[in-house]
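Participant: Have a look at the structure that comes next, please.
The values are calculated or read from the model by the stated rules, or taken from the named source; none is laboratory data. Please read all numbers here as calculations on a predicted model, not as lab measurements. Note: ideal-geometry Cβ built from the backbone for every residue, glycine included; neighbour counts use all protein chains shown.
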Amino acid sequence: MYEPEFLDLPDVGNYGLQSSVWREKNILKPAPGKRRCNCRNEIHHRQIGPGMFQQMTEQVCEECQNVKYEREGYIVTVDIEKGMQDGHEVVFYDDGEPIIDGEPGDLKFRIRTAPHDRFRREGNKLHTTVTITLVQALVGFEKAIKHLDEHLVDIGSKGITKPKEVRKVKGEGMPLHFNNKKGDLYVTFEVLFPSKLTEDQKVEIKAVLR
């Protein structure tokens, strides 16, 4: 098995992509001369007297066309399917480093998800944080956020929103690998409080909340 290559990708598991990677490896090429290969030990018995035998071991090798390693490069296209998670491996069988007189290993790409600036993935769940004003938290608001694939998700509310409140939006998380279902999106609300209030504002607020 060839040591895994890592693909640093944005969290695009919502819709998948193809990634092209430049790959270099040893290639077996014909070389002048012959070489000894397929070496093995053969056991022989020789009679040295009546009812007496001697066991002998002999190394036997065959002669084959000589070979050499040459380094060559080529493009490998890796399909990143939607729903794949961090650490998932994409395997290209028998595409690892070649071995003289043996089977080549496998080439493995291990997905390593790069952080996203707005969403955090947890399995098939997605988490995001949204900041609203104190007025919006008290009287409600209309608001939509852009998802990973740019479609809009309504997160508005007609009621009171408490600081650090978490709301679940069903079916707006990450897709399950090889499945049409999706996880859920969890929105945490941060409430932006005013840095200062005038005396008149304090009086009005007290009157409203009394």
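Participant: Tell me, yes or no, whether region 63-81 has at least one residue that is outside any strand (DSSP E or B) and in contact (Cβ under 8 Å) with a residue 24 or more places away in the chain. Step through it out loud before you land on a result.
Facilitator: In the first step, residues of region 63-81 are kept if they are outside any strand (DSSP E or B); the result is 81.
If we keep only those that are in contact (Cβ under 8 Å) with a residue 24 or more places away in the chain as well, we get 81.
Yes, because at least one residue in region 63-81 is outside any strand (DSSP E or B) and in contact (Cβ under 8 Å) with a residue 24 or more places away in the chain.
Participant: To continue, here is another question. Being more than 17 Å from T188 (Cβ to Cβ) and acidic (D, E) is the filter here; which residues of region 84-143 pass it?
Facilitator: Selection gives D86, E89, D94, D95, E97, D101, E103, D106, E142.
Participant: Could you please find all residues in region 153-176 being under 30 Å from the mean Cα position of the chain (by Cα) and surrounded by 14 or more Cβ atoms within 10 Å (Cβ to Cβ)?
Facilitator: Residues satisfying the conditions are V153, I155, V169, E172, G173, M174, P175, L176.
Participant: Can we say P175 is of a type outside the set (K, R), free of Cβ contacts under 8 Å to residues at least 40 places away in the same chain and closer than 22 Å to R118 by Cα?
Facilitator: Judged against the criteria, P175 is not a match.
Participant: Would you say T113 is under 27 Å from S20 (Cβ atoms) and among the hydroxyl-bearing types (S, T, Y)? Give the derivation first.
Facilitator: Values: under 27 Å from S20 (Cβ atoms): yes; among the hydroxyl-bearing types (S, T, Y): yes.
Yes; evaluated as a whole, the condition is true for this residue.
Participant: Under 6 Å between Cβ atoms, which residue pairs at least 6 apart in sequence (or on different chains) link something in region 118-131 that is under 15 Å from A144 (Cβ atoms) with a partner that is part of a strand (DSSP E or B) and of a type in the set (D, E, K, R)?
Facilitator: As it stands, the answer is T131/E190, since those pairs meet every condition given.
Participant: Can you name the residue in region 96-152 that is surrounded by 11 or more Cβ atoms within 10 Å (Cβ to Cβ), among the charged types (D, E, K, R) and part of a loop (DSSP other than H, G, I, E, B) and is also modelled with the lowest pLDDT among such residues?
Facilitator: Applying the filter and picking the extreme gives E97.
Participant: Only one of these is in contact with a strand residue (DSSP E or B) (Cβ under 9 Å, 6 or more places away or on another chain) and within 20 Å of R121 (Cβ to Cβ): E172, E142. Name it.
Facilitator: Numbers: E142 fails: within 20 Å of R121 (Cβ to Cβ).
Of the residues listed, the single one that is in contact with a strand residue (DSSP E or B) (Cβ under 9 Å, 6 or more places away or on another chain) and within 20 Å of R121 (Cβ to Cβ) is E172.
Participant: I'd like to verify a number: residues in region 153-189 that are hydrophobic (A, V, I, L, M, F, W, C), within 30 Å of H88 (Cα to Cα) and either part of a loop (DSSP other than H, G, I, E, B) or at pLDDT below 95 (or both), how many? Can you show your working first?
Facilitator: Looking only at region 153-189, we keep the residues that are hydrophobic (A, V, I, L, M, F, W, C), and these are 153, 155, 160, 166, 169, 174, 176, 178, 185, 187, 189.
So of that shortlist, the ones also within 30 Å of H88 (Cα to Cα) come out as 153, 166, 169, 174, 176, 178, 185, 187.
With the extra rule that they be either part of a loop (DSSP other than H, G, I, E, B) or at pLDDT below 95 (or both), the set shrinks to 174, 176, 178.
Number satisfying all stated conditions: 3.
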